[in-house]
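*Asks:* One structure follows; several queries about it will come next.
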Amino acid sequence: MRLRRGVVGLALAFTLAGCQTAAVVAEGKAPAVRPAYSFPVTSNTTPYTRCLQQLASYPGSRLPSIAVGEVADKTGQMDTFTESTVLTQGVSEMVMSALWRSGKARLVERYDLRIPLAELKMIEQGLTSRRVSEMQQAVPASDFVILGALTELNYNIVSEGAGLWVGGIGAGGRTVVINVGLDLRLVNGRTFEVVHVSPLQKQIFGYEVEANVFRFFGSQLVEFDAGRIQNEPLQLGVRSVVEMAVYQMMTDYFGLPAQEECQVRETNFFDETLARKTITKES
């Protein structure tokens, strides 16, 4: 009974406070509300950002002109609650940021041509001080074009969990691993030959722990829940794969020095499977 009275009193207090605030706002006497502010703006980096930034310190001033085309999400995965795609639609922009961080490419705009074409149209109509010949001579040709797609998003490639509840008290937890895959290709801008391909994947980890207490106080059921969920951000995983793919292009194809700690980790997950198939065929 005391618990019920306390809850009713608290609800009544909140209601009265809300009514008073609404009245003050209606009269135009409400003071300015200080907005909540928590974490500061930070640079959007991954563990591979440092690898790209190291490339900028290497000598060499002759930079290739690289354009970034469409790097689309071709996984076909949709979020049923938000009715939107699960993965980011800004992978092309991530590739541009990675190239910029490397300091070893001249970025030329080919992805969104609306502004350049509008500018050219205004020049042709004599609406600016420039001439068409000036713009034609100023626009550099692209030596290379980067294209590709997000091609994999696999849920629950590993999913584990455990829990125990006794007498209304218990705890549990679970872990989940998914992976995302990217296929990026470098195309020669003169011959349209595919000169390099980076097929990469990254596994993304998350975990959840929880504790619960259920107790009856008289005829009232009181429930207490506590827990923690921490997941590696999915889109951060995508950016990590993108930066590694760009780093691989700059070192493997353009010949820039590669750091040992920045190399792609080669996996041997399927060596044992292939070995078993070989033995089966021979027998």
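*Asks:* Counting Lys +1, Arg +1, Asp -1, Glu -1, what net charge surrounds VAL264 among other residues with beta carbon under 15 Å of its beta carbon?
*Replies:* Once all neighbours under 15 Å are counted, the net charge is -4.
*Asks:* Net charge near GLY227, counting Lys/Arg +1 and Asp/Glu -1 over other residues with Cβ under 12 Å of its Cβ?
*Replies:* Net of charged neighbours comes to -1.
*Asks:* Applying the Karplus parametrisation 6.51 cos²θ - 1.76 cosθ + 1.60 with θ = phi - 60° to the phi angles of region 121-130, what ³J(HN,Hα) value in whole Hz is obtained for each residue in order, glycine and proline being reported as x?
*Replies:* Listing the rounded values in order: 5, 5, 5, 4, 8, x, 8, 10, 7, 7 Hz.
*Asks:* ASP73's amide H: which non-local residues (gap 5+, or another chain) put their own amide H closer than 5 Å, with H modeled 1.01 Å from N in plane and none for Pro or chain starts?
*Replies:* LEU150
*Asks:* Which cross-chain or sequence-distant (5 or more) residues have an amide H under 5 Å from the amide H of SER65, H modelled 1.01 Å from N in plane?
*Replies:* ARG106, ASP143, PHE144
*Asks:* If you don't mind, there's one more thing I want to ask. Would you order MET244, MET135, MET96, MET78 from fewest to most other beta-carbon atoms within 10 Å of each residue's own beta-carbon?
*Replies:* MET78, MET135, MET96, MET244
*Asks:* When CYS262, CYS51 are ordered from fewest to most other Cβ atoms inside 10 Å of their Cβ, what list results?
*Replies:* Ranked by crowding around the Cβ, least crowded first: CYS262, CYS51.
*Asks:* Here's a follow-up. Give me LYS104, LYS74 sorted ascending by neighbouring Cβ count inside 10 Å, so fewest comes first.
*Replies:* Going from sparsest to densest Cβ surroundings: LYS74, LYS104.
*Asks:* Between LEU164 and ARG130, what length comes free when the chain is fully extended (0.36 nm per residue of separation minus the Cα-Cα distance, one decimal in nm)? Please list the in-between numbers first.
*Replies:* Details: separation 34, 0.36 × 34 = 12.24 nm, distance 7.47 nm.
Gain on extension, LEU164 to ARG130, equals 4.8 nm.
*Asks:* Here is a further query. Want the number for VAL209 to GLU266: 0.36 nm per residue separation, take away the alpha-carbon distance, what's left?
*Replies:* Answer, rounded to one decimal: 17.3 nm.
Computed from the coordinates by the stated procedures, all read-outs in this text should not be read as laboratory data. Please read these numbers as outputs of a predicted model, since none were measured by experiment. Virtual Cβ from ideal backbone geometry, glycine too; neighbours counted across all protein chains shown.
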